[in-house]
Amino acid sequence: MQLSEIITRFEGAKPNGKDSFQAKCPSHEDKHASLTISEQNGKILMHCHAGCDVDSICRAIGIAQSDLFTEPLEPSPQWGQGCGSAKPKLTEVCRYIYTAPDGTPLHATIRYEPKTFRQVALNPNGTIREWTVKNVKTVLYNLPGIINAQTVYLVEGEKDADRLISLGFAATTSPMGAGKWRTDYTEMLRAKDVIIIPDNDAAGVKHAEVVAKALAGTAKSVRTAQLIGVPNKGDVSDYLQQARSKDEAYNLILSLPLAESLNNFDLQSGMNPSPFGRHFENQVLKIKAVL
């Protein structure tokens, strides 16, 4: 990539001499433009005076270190054989757009391969305004689709939300994954019947409990669904792989066992007939111990 291309990915970049710029480092909360970006002998150099390493800065702006060369690198003769292999270039796979109630783009989650994510602020026409969401009031995913819905399914991740939306459900997720719930999101679900579907891992169960507590007294009702038969770290998309048709997938969601809270799962009722059920119980007990 060229220096002129890379500079557009940094906030507040200003010239600082020939082929040199000063900008805010995206890898930490930078208030003093502590990052120097320059070009020398065909390579773009980045130095954060706060100590952030080049790899973390590259990942924060959605590029690989191999992109720091202004001319394409020759493929390594040992590519794919371990020693001497270059890091693969990040390739955008999909872009999940978060919008205002009227559909105006606000921010987005971009997914890359190898698997990594980047949060960006958008212009009203959907183009990238900033490679950060620090200056954006973030919202729930699919906000126009849940505003007029009474029952809303809350999942972990845009992929899972889109899967449920494709089946006809009003579904949403919060940006940046588990553990990032905000008071603003709670208000967006006021007076609604919310069904939380956590991923099958400790972080997912903990997130579900935090969100359920946050929604108590604001949402009309809050129930937690249990995914049956999915592997460790499995999600609702994994759960739906067993469906042979769209109608069957729809009914699988409707038949999920629900409880008023994680603490209210009846562990003796036979609701947990699979090994996953026992895993879910263990995660709940661990979280109770922590709390």
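The values are calculated or read from the model by the stated rules, or taken from the named source; none is laboratory data. It should be emphasised that the depicted structure is a prediction, and the values quoted were computed from it without experimental measurement. Cβ placement follows ideal geometry from the backbone for every residue including glycine, while neighbour counts extend to all protein chains displayed.
Some notes on this structure:
- Qualifying position, being assigned by TED's automatic domain parsing to the domain that holds PRO101 and aliphatic (A, V, I, L, M), among VAL133, VAL152: VAL133
- Leading residue by the ranking (surrounded by the most Cβ atoms within 10 Å (Cβ to Cβ)) among those in the stretch 90-109 that are without any contact (Cβ under 8 Å) to a residue 40 or more places away in the chain and among the charged types (D, E, K, R): ARG95
- When GLY12, GLY17, GLY62, GLY51 are checked against the criterion of being surrounded by 13 or more Cβ atoms within 10 Å (Cβ to Cβ), of a type outside the set (A, V, I, L, M) and at positive phi, a single residue qualifies: GLY62.
- Scanning the stretch 213-241 for residues that are among the small types (Gly, Ala, Ser), assigned to a helix (DSSP H, G or I) and over 19 Å from the mean Cα position of the chain (by Cα) returns a single hit, ALA214.
- Residues that are free of Cβ contacts under 8 Å to residues at least 40 places away in the same chain and in contact with a helix residue (DSSP H, G or I) (Cβ under 6 Å, 6 or more places away or on another chain), drawn from the stretch 199-214: ALA214
- Screening ASN135, ASN148 for residues that are out of contact with any strand residue (DSSP E or B) (no Cβ under 9 Å at 6 or more places or on another chain) and surrounded by fewer than 19 Cβ atoms within 10 Å (Cβ to Cβ) leaves exactly one candidate, ASN148.
- Residue list for the stretch 186-198, restricted to those being closer than 24 Å to TYR239 by Cβ and in contact with a helix residue (DSSP H, G or I) (Cβ under 8 Å, 6 or more places away or on another chain): LEU189, LYS192, VAL194, ILE196, ILE197, PRO198
- Taking the criterion of being surrounded by 17 or more Cβ atoms within 10 Å (Cβ to Cβ) and either in contact (Cβ under 8 Å) with a residue 24 or more places away in the chain or among the basic types (Lys, Arg) (or both), the residues of the stretch 24-37 that qualify are LYS24, CYS25, PRO26, SER27, LEU35, ILE37.
- Exclusive hit being under 28 Å from SER56 (Cβ atoms), of a type in the set (Ser, Thr, Tyr) and touching a residue at least 40 places away in the same chain (Cβ under 8 Å), set THR151, THR116: THR116
- Complete set of residues in the stretch 148-185 that are over 20 Å from GLY234 (Cβ atoms), aliphatic (A, V, I, L, M) and at pLDDT below 95: MET176
- In summary, VAL210 fulfils each of the numbered conditions (1) crowded, with 21+ Cβ neighbours inside 10 Å; (2) farther than 20 Å from ALA249 by Cβ with the single exception of condition (1).
- Residue list for the stretch 13-33, restricted to those being farther than 15 Å from ALA60 by Cα, within 27 Å of the chain's Cα centre (by Cα) and not hydrophobic (A, V, I, L, M, F, W, C): LYS31
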